[in-house]
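Worksheet: the structure to be examined is printed underneath.
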Amino acid sequence: MLKFIHTGDLHLGLQFKNVSFHRKIAEERRLELWNTFERIVDRAIKNEVDFLFIAGDLFEEKYFTLGDIKRVRDTLCKAENVNIIITAGNHDTLNINSLYYMIDWPKNIVFFNSEGLGKKEFADTNTVVFGYSWDKGENNKNVFENFEGIDKDKINILIIHGDIFSKESSYLPLEKDYINSIGFDYIGLGHIHKPNIISDKMAYCGSPEPLDFGEIGQHGFIE
């Protein structure tokens, strides 16, 4: 049986300027985001999952530094036996200026680019993972324009950061019924901070931590 953790929208480096925290409280909250990220990685290692999926907005590029992205890499490097899949969202875009490109990454960490829907095969688990990364803060690209379909003899997983609720969205509108009809065994979504199980094969993981006072209710990740 394939085992994975699906997370996203961690927003590491968030300054919490919109919630009127005292500076000390904001600093503590930023540390808590890092601690949660590290705990998720530790969980992936402990439970010996096959994949750790990060569905966009891993960090806040406006505030992130080279030292911060090295810390991300060093944390993920501990999970050397886990296939780690990262798709960038609208807050951690993947382009020529991206921090993602400024350091070297181990071979078990896979990034999808912004040219279109890409795929990566993992023969040891008979799995194909499809994904797409944003290269700018707003996006209405049809990432399925040249999509050639799935291999039904394999496990097919889609990891993507986008909006299935609004066709007019500026944040990668996705046609829910269409992607649900393709035949993916799992569709791991990012962008919406509230966890939302759309169907038995499609879900928003939500942000592991609430990021403002309006984000009440359960938070975590999908395993």
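The values are calculated or read from the model by the stated rules, or taken from the named source; none is laboratory data. Computed from a predicted model, the values in this text were never measured in an experiment. Methodologically, a virtual Cβ is constructed for each residue, glycine included, from the backbone with ideal geometry; neighbour enumeration extends over all protein chains shown. Heads up: the accessible areas ignore ligands, DNA and RNA and are worked out on the full protein's heavy atoms, side chains in. Shrake-Rupley method; radii C 1.70, N 1.55, O 1.52, S 1.80 Å.
Summary of values
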item	result
Exposure rank, largest accessible area first [Glu223, Glu145, Glu168, Glu38; 1.4 Å]	Glu168, Glu145, Glu223, Glu38
Net charge, Asn126 excluded, C-beta distance under 12 Å - Lys, Arg +1, Asp, Glu -1	-4
The chain: relative contact order in percent, alpha carbon pairs under 8 Å with at least 6 residues between	21 percent
Global geometry of segment 76-128, whether rounded, prolate or oblate, following the gyration tensor of its Cα atoms and the 1.5 cut on a/c	oblate
Folded to 0 to 90 degrees: helix 23-46 orientation relative to the chain principal axis, Cα	40 degrees
Computed over segment 97-211, Kirkwood Rh from alpha-carbon pairs, angstrom	15.2 Å
R0 of 35 Å, Cβ-Cβ distance Asp74-Glu168: FRET efficiency to nearest 0.05	0.30
Heavy atoms of Cys77 accessible to a 1.4 Å probe, total area in Å² rounded to 10	50 Å²
Around Thr7: net Lys/Arg minus Asp/Glu count, Cβ-Cβ under 13 Å	-4
Solvent accessible area, Å² - Asp212, 1.4 Å probe, full protein context	70 Å²
Relative contact order for segment 164-223, counting Cα pairs under 8 Å that sit 6 or more residues apart, in percent	22 percent
R0 of 45 Å, Cβ-Cβ distance Asn126-Ile25: FRET efficiency to nearest 0.05	0.40
GNM result for the chain, Cα springs below 10 Å: residue of Gly118, Gly56, Gly162 fluctuating most strongly	Gly118
Computed over segment 85-124: relative contact order in percent, which uses C-alpha pairs under 8 Å that are six or more apart	47 percent
Viscosity 1.306 mPa s, 10 °C: Kirkwood-radius Stokes-Einstein D of the chain over Cα pairs, µm²/s	90 µm²/s
Dipole magnitude of segment 29-103, debye to nearest 20 (Cβ charges: Lys/Arg +1, Asp/Glu -1, about Cα centre)	180 debye
Gly8 long-range amide H proximity, modeled H, under 5 Å	Ala55
Using alpha-carbon coordinates, inclination of helix 66-77 to the longest axis of the chain, degrees	50 degrees
Within-9-Å neighbourhood charge of Ser170 [Cβ basis; K, R +1; D, E -1]	-3
Of Lys152/Lys201; Lys3/Lys141; Lys62/Lys201; Lys24/Lys107; Lys78/Lys201, pairs whose Cα-Cα distance is over 27 Å	Lys3/Lys141; Lys62/Lys201; Lys24/Lys107; Lys78/Lys201
Under-5 Å amide H pairs with Ile198, H placed in peptide plane, nonlocal only	Ala203, Tyr204
Farthest positive-ward along the chain dipole, Cα basis, beta-carbon charges - from Ala203, Gln218, Ser170	Gln218
Under-5 Å amide H pairs with Ser114, H placed in peptide plane, nonlocal only	Ser133
In Å², nearest 10: area of Asp42 left accessible to a 1.4 Å probe	70 Å²
Antiparallel bridge percentage (DSSP; both residues within the chain; nearest 5)	25 percent
